[in-house]
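Okay, structure first, notes after.
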Amino acid sequence: MTKSILRTLLLTGALAFSTSRGASADSAEEKQKLAQCAKDLCSIIVSKNPKGPDLSCDLTKTWEKDEIQKGADSKQIVWGLGSAKCTAKVSVKRADIVAAITSPEIKIKFGKQPFACELGSDKYPVSATLAPVLKFKNGTNTDATLNMDDINGAILIKGVVWTAAALEHLGIVEGDLVREVNRFIQKACPKIVSGAK
């Protein structure tokens, strides 16, 4: 697994799908949906207003093999499956997002978020759910677990995803997730809402 593919497989959610950096093979429609989800999420974060619609995004993100391999190399992990295209249905209560940003200390448990991916040129299917738990202190993410479950797919692919889930349970992914959440909240959202690049 790689940092990029872990974002696909593990960080499925508005933050992961809407904030992924680096080159990708996203279509114009995929990019538009990712940008809109990021804008919707950031509007909630920056306004800190608990009243209004909850966050709901149907997202698709594509990573090319070279991008995944670069991330795999940085983690000293082998990735031989090619590109990845993942879809996710993200639903998060607006009040939970605002509470994370405004409470002195809080633990937010999100409901199960389904995602599905096609890996490699053979488009091996894999699907699972995540039920993230994030801890915040004074608006800063301090801890994160993803709680992957309901993994379905071919035996080989299922094994790769179980490995990713095991990495999360060992805390290997946690630091990346916490850093990405904080980067998004503190740096990306103010720029997204203001329209700056």
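Quick notes on this structure:
- Per-region count, the range 86-111, residues without any contact (Cβ under 8 Å) to a residue 40 or more places away in the chain, closer than 21 Å to residue 178 by Cα and under 13 Å from the mean Cα position of the chain (by Cα): 1
- Those residues of the range 149-174 which are assigned to a helix (DSSP H, G or I), charged (D, E, K, R) and at pLDDT 65 or above, in sequence order: 158, 174
- Answer residue from the range 101-116, given it is at pLDDT 95 or above and in a strand (DSSP E or B) and is farthest from residue 55 (Cα to Cα) among those: 105
- Among the residues examined, residue 88 does not qualify as in a helix (DSSP H, G or I), surrounded by 20 or more Cβ atoms within 10 Å (Cβ to Cβ) and not polar (S, T, N, Q).
- For residue 98: the one exception among (1) modelled with pLDDT of 95 or more; (2) outside any helix (DSSP H, G or I); (3) touching a Lys or Arg at 6+ places or on another chain (Cβ under 6 Å): (2)
- Neighbours by Cβ (under 6 Å, 6+ apart or cross-chain): first from the range 25-43, at pLDDT below 95; second part of a helix (DSSP H, G or I) and among the polar types (S, T, N, Q): 34/18; 37/18; 38/18
- For the range 68-85, the candidate set comprises residues that are of a type in the set (A, V, I, L, M) and surrounded by 15 or more Cβ atoms within 10 Å (Cβ to Cβ); within that set, the residue that is modelled with the highest pLDDT is 84.
- Within the set 146, 119, 130, 177, the sole residue that is surrounded by 16 or more Cβ atoms within 10 Å (Cβ to Cβ), modelled with pLDDT of 75 or more, within 18 Å of residue 78 (Cα to Cα) and of a type in the set (A, V, I, L, M) turns out to be 119.
- Of the residues making up the range 53-85, those that are over 18 Å from residue 118 (Cα atoms) and in a strand (DSSP E or B) are 55, 56, 57.
- From 129, 62, residue being free of Cβ contacts under 8 Å to residues at least 24 places away in the same chain, of a type in the set (Ser, Thr, Tyr) and on the phi < 0 side of the Ramachandran plot: 129
The values are calculated or read from the model by the stated rules, or taken from the named source; none is laboratory data. Remember, it's a predicted structure, so these values are computed and weren't measured experimentally. Glycine gets a Cβ as well: all are built from the backbone with ideal geometry, and neighbour counts include every protein chain shown.
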